[in-house]
Amino acid sequence: MSAGCVHEGPPVIILDDDAEPAPRRYLVLEAPWHELPTGALLLVAGSKASAIPTQGSNLELAQAEGMLTFVDLLSKGPEAWDHPDTFSAVTDTDTSASFVTSLLDQLRASTPGSPVADTMLPLWKGRCPDALLALWQRDGLARYHDDRLALVDPARYDAVLASLLAGAPIWGKDDFHVYAISTFGQLLICGERTGVELTLEPHEGYLCAPAVLTRTASSIERNRRLHDFLLTLDDFELDVLGEDGEPMCWRARELLGPLGKGEVYTSTEPVSGQGWRLGSLVKRQALDVLAELAQRR
């Protein structure tokens, strides 16, 4: 299930049924449209979509209702019966745009960033999700989630990322780029073809990657994944733990002050499995810290 919009029409819920030999796509209207009520069910055929009657025995209706048992949106009245009109169906562009719009509506910068260079957007168009470029365009390289996450220029991190991932099984499976960094140097990584689901913890040396990493993702998937990932991140995921098992971000900020441009909180001593030591914390430029960590590998 995903979200989209009818061409020149209202938003819809998109249901793709891949269980049958011939895949089917259904749309559920989230607002009235062309005399159809909210919740009217449409079946897509090519570039058109037609309303499905909601009374009587109907295989298409039963199939879609089975997929919608957790969404109470289907119309129960006679308004959508036997409606022969056809309409332009949702397109991939519409769906990608809906994720971009939703992310911009819900994710707000806690600290605005410097505007990106004029050459940056065309350089990364098609290589990074459109939703990421939209954030750059609106907010610059801003900070989000109470300043726990900062967007970065991927080009500045390409060399150090290559050093950090050298010898890793995923290296060479895609063209990877850093698009954001946490206050303690955790890197969020985007694959040009496979999406945005990689995270690298450089101090402890572990990499989180999905099992389906080698599968090429569509533009819709890439925008949906970025949308879902950035909106579901919580403070704990963007923090580290101290020796006492408690989060460190607010204590580091209280001790050292807020981070400047390109800075992270880091430790003057190796980080142990027992947690970070408050007395070892300093502020340094992220690229310098990452370069040193890469040399220790």
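A few comments on the model shown:
- Residue that is least open to solvent (accessible area, probe 1.4 Å) [pool: residues in the stretch 119-144 that are closer than 21 Å to THR194 by Cα and of a type in the set (Lys, Arg)]: ARG127
- LEU230 being open to solvent by less than 20 Å² (accessible area, probe 1.4 Å), in contact with a His (Cβ under 9 Å, 6 or more places away or on another chain) and in contact (Cβ under 8 Å) with a residue 12 or more places away in the chain: yes
- Exactly one residue among ARG193, ARG251, ARG224, ARG156 is open to solvent by 30 Å² or more (accessible area, probe 1.4 Å), of a type outside the set (Ser, Thr, Tyr) and touching a Phe, Trp or Tyr at 6+ places or on another chain (Cβ under 8 Å), and that residue is ARG224.
- No other residue among ALA150, ALA109 is at pLDDT 95 or above and assigned to a strand (DSSP E or B) apart from ALA150.
- In the stretch 196-211, the qualifying residues are those that are open to solvent by 10 Å² or more (accessible area, probe 1.4 Å) and farther than 25 Å from PRO247 by Cα, and the one that is farthest from the chain's Cα centre (by Cα) is ALA211.
- Hey, VAL100 modelled with pLDDT under 95 and either part of a helix (DSSP H, G or I) or in contact with a strand residue (DSSP E or B) (Cβ under 6 Å, 6 or more places away or on another chain) (or both) or not: yes
- When LEU259 is tested against the conditions (1) out of contact with any strand residue (DSSP E or B) (no Cβ under 8 Å at 6 or more places or on another chain); (2) part of a loop (DSSP other than H, G, I, E, B); (3) surrounded by 15 or more Cβ atoms within 10 Å (Cβ to Cβ), the lone failure is (1).
- Selection status of ASP147, crowded, with 17+ Cβ neighbours inside 10 Å, more than 18 Å from ARG127 (Cα to Cα) and among the acidic types (Asp, Glu): yes
- Among all residues of the stretch 279-288, there is at least one that is touching a helix residue (DSSP H, G or I) at 6+ places or on another chain (Cβ under 9 Å), of a type in the set (A, V, I, L, M) and free of Cβ contacts under 8 Å to residues at least 40 places away in the same chain.
- Tally, over the stretch 267-290, of residues that are in a strand (DSSP E or B) and either aliphatic (A, V, I, L, M) or surrounded by 14 or more Cβ atoms within 10 Å (Cβ to Cβ) (or both): 8
- Sole exception among (1) over 16 Å from TYR144 (Cβ atoms); (2) open to solvent by less than 30 Å² (accessible area, probe 1.4 Å); (3) in a strand (DSSP E or B) for VAL264, by number: (1)
The values are calculated or read from the model by the stated rules, or taken from the named source; none is laboratory data. Source: prediction; values computed, not measured. Note that we place each Cβ from the backbone using ideal geometry, even for glycine, and neighbour counts take in every protein chain shown. Please note that ligands, DNA and RNA were not included when accessible areas were found on the heavy atoms of the full protein model with its side chains. Shrake-Rupley method; radii C 1.70, N 1.55, O 1.52, S 1.80 Å.
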